[in-house]
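Colleague: There's a structure below that I have some questions on.
Rule-based calculations on the coordinates, nothing more; no lab input. All values reported here derive from a predicted model rather than from experimental measurement. Here the Cβ positions follow ideal geometry from the backbone for every residue, glycine too, while neighbour counts run over all protein chains shown.
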Amino acid sequence: MAILVTGGAGYTGSHTCVELLAAGYEIIVLDNFSNSKPESLNRVKELTEKDFPYYKVDLLDRRSLRDVFSNHPIEAVIHLAGLKAVGESTSLPLHYYHNNITGTLILCDVMKEYGVKNMVFSSSATVYGMPERVPISEDFPLSATNPYGRTKLMIEEILCDLFVADSSWSISLLRYFNPIGAHESGRIGEDPSGIPSNLMPFITQVAVGKLNELLVFGNDYPTVDGSGVRDYIHVVDLAQGHVKALERVMSSKGVDAFNLGTGTGYSVLQMIAAFEKAAAVKIPYKIVARRPGDVAICYADPSKAKKELDWMAVRGIEEMCRDSWSWQKKNPDGYDTKVISK
Ligand code: WQD
């Protein structure tokens, strides 16, 4: 029996595949490669010395999706495939709703048809909207302030309704905080297309000389130094959280949400200082206006995942910065990098 990983070629996906293979699972990967590259999967195979099939399949292609289920004995699905750029979702709402929600509906349809009712779903802390206080626990009010966040919130609600209608489903909703870092080898990592919208890939591209300076979006927030505070979590810790959630969905029924964060917040300026220390590289930056839609402070109460998944983040900010830099330094052009520098 195998685990199907949708979006397995992506940043979280490739790291999750490494951890699943290391834990002894057989995997099958689906990806439409709209925001990822097959090279990431070749490197997963290199790192784990394990083979697995992967297919270029879009979840909107029901026929191809059914072919995968009919050709492989699948016992659970880790569903990571989805568009995830907040800003882009505002300008392309229909694309986001169709890709993320219709794709998930078709996936659930085919899972049901083949009797596969175990799912780990990639959700996001964005479903907490503008939290009134921190740390954030899973019972906080949910809301969304952009189409991307609304797709995550709607899918969570769809999956809850699915369980109400059929209690044989077992689903974990993983609310990611801010994933950064990379596998310690520097062979897989975050490879955003175009100019990065997220902080860490922007910093590493400044550090490697692809971008000139970081724009810090606001220093007038009610935080330790005025810049935005977030809960950065090492992507390998996040990936290991998926393995724990998989164990849970394969051994129990129900729908549960879990925060995957460290429980510690760092400001943008603190992240710049931490990265400069870890990479021994200066990051030129300029303070500019706030980015619309940003919250001042967001960090998790991760105690439910500790208690119910027996999982907690163990990698600190120094390791996150060091591993982000190791990936970018060795792969200045991401997976398109031709000459690999040691
Ligand atoms: C972090 C901090 C910015 C870039 C987003 C999505 C969320 C999730 C993670 C998918 C903020 C500041 C950033 C820059 C900056 N994605 N910043 N200059 O906004 O917390 O979360 O990514 O699930 O859904 O909303 O992450 O990395 O964009 O920003 O000053 O060039 O860095 O203002 O304080 P965010 P981020």
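Colleague: With θ set to phi - 60° and the Karplus curve 6.51 cos²θ - 1.76 cosθ + 1.60, what are the ³J(HN,Hα) couplings of segment 25-31 in order, to the nearest whole Hz, using x for Gly and Pro?
Modeller: Computed from phi, the couplings for segment 25-31 are 7, 8, 10, 10, 10, 10, 7 Hz.
Colleague: Can you work out the PRE-style zone for residue 166? Point 7 Å along Cα to Cβ, and I want the residues of segment 102-144 with backbone N under 16 Å.
Modeller: Under cut-off, by backbone N: 104-120.
Colleague: Using per-residue counts of other Cβ atoms within 10 Å, averaged over each peptide, order 176-182, 204-210, 192-198 from highest down.
Modeller: Taking the mean over residues of other Cβ atoms within 10 Å, the ranking is 176-182, 204-210, 192-198.
Colleague: What distance in nm lies between label points placed 7 Å from Cα along the C-beta direction at residue 294 and residue 92?
Modeller: Label at residue 294, label at residue 92, 2.4 nm between them.
Colleague: Answer with one residue from 299, 324, 287: the one whose Cα lies farthest towards the positive end of the charge dipole of segment 269-342, charges on Cβ with Lys, Arg +1 and Asp, Glu -1.
Modeller: Highest projection toward the positive end goes to 287.
Colleague: Would you please give the residues with an amide H less than 5 Å from that of residue 215, counting only those at least 5 places away or on a separate chain, with H modeled from the backbone geometry?
Modeller: Amide H neighbours of residue 215, under 5 Å, 5+ apart: 286.
Colleague: List, in order, the whole-Hz ³J(HN,Hα) value for each residue of segment 294-306 obtained from phi through the Karplus relation with A = 6.51, B = -1.76, C = 1.60 and θ = phi - 60°; use x for Gly and Pro.
Modeller: Taking θ as phi minus 60°, the curve returns 6, 8, 5, 9, 8, 8, 8, 9, x, 5, 5, 5, 4 Hz for segment 294-306.
Colleague: What relative contact order, as a whole-number percentage, does the chain give when Cα pairs under 8 Å and 6 or more residues apart are counted?
Modeller: Numbers: 697 pairs, mean separation 66.3, N = 342.
The value is 19 percent.
Colleague: Taking amide H positions as placed in the peptide plane 1.01 Å from N, state which residues far from residue 136 in sequence (5 or more) or on other chains have amide H under 5 Å from it.
Modeller: Correct list: 299, 300, 301.
Colleague: Specify the inter-centroid distance of segment 112-137 and segment 184-221, based on alpha-carbon positions, in whole Å.
Modeller: A separation of 26 Å, based on Cα centres.
Colleague: Relative to the longest principal Cα axis of the chain, at what angle does helix 11-22 sit, 0 to 90 degrees, rounded to 10?
Modeller: 60
Colleague: Which residues make up the longest stretch of the chain clear of GluC sites (Glu not before Pro) that lie in a DSSP loop with no more than 15 other Cβ atoms within 10 Å, not counting the sites?
Modeller: The longest such stretch corresponds to 214-342.
Colleague: Along the Cα-to-Cβ line of residue 306, 7 Å from the Cα, sits a label point; which residues in segment 228-253 have backbone N less than 18 Å from it?
Modeller: Inside the label zone: 231-234, 237-238, 240-242, 244-245.
Colleague: Let me ask something additional. Using only Cα atoms, find the angle between the long axis of helix 103-113 and the longest principal axis of the chain, and express it within 0 to 90 degrees, rounded to the nearest 10.
Modeller: 30
Colleague: Multiply the residue separation of residue 158 and residue 71 by 0.36 nm, subtract the distance between their alpha-carbon atoms, and state the gained length in nm to one decimal.
Modeller: Going from the current span to full extension adds 28.6 nm.
Colleague: Please state the shape class of segment 2-336: rounded when a/c is under 1.5, otherwise prolate if a/b exceeds b/c and oblate if not, all from the C-alpha gyration tensor.
Modeller: prolate
Colleague: A further question on this structure: Helix 268-279 versus the longest principal axis of the chain: what is the Cα-based angle in degrees, 0 to 90, to the nearest 10?
Modeller: Between the helix axis and the principal axis of the chain, the angle is about 90 degrees.
Colleague: May I pose another question? Report the full-extension gain for the segment residue 314 to residue 219: residue separation times 0.36 nm, less the Cα-Cα distance, to one decimal in nm. Walk me through the numbers before you get to the answer.
Modeller: Working: separation 95, 0.36 × 95 = 34.20 nm, distance 2.92 nm.
Difference between extended and current length: 31.3 nm.
Colleague: While we're looking at this one, here's another question. What is segment 45-139 by shape, rounded, prolate or oblate, if you read a ≥ b ≥ c off the alpha carbon gyration tensor as root eigenvalues and call it rounded for a/c under 1.5, prolate for a/b larger than b/c, and oblate otherwise?
Modeller: Here segment 45-139 falls in the prolate category.
Colleague: Something else now. Can you list the residues, at least 5 places off or on another chain, whose amide H is less than 5 Å from the amide H of residue 28, using H built in the peptide plane?
Modeller: For residue 28, whose amide H was placed from the backbone, the distant partners under 5 Å are 3, 4, 5.
Colleague: Whole-Hz ³J(HN,Hα) for each residue in segment 229-246, computed from phi via Karplus 6.51 cos²θ - 1.76 cosθ + 1.60 with θ = phi - 60°, x for glycine and proline: what do you get?
Modeller: These are the phi-based 3J(HN,Hα) values: 10, 9, 9, 7, 10, 5, 4, 6, 4, 4, 4, 5, x, 5, 5, 5, 5, 5 Hz.
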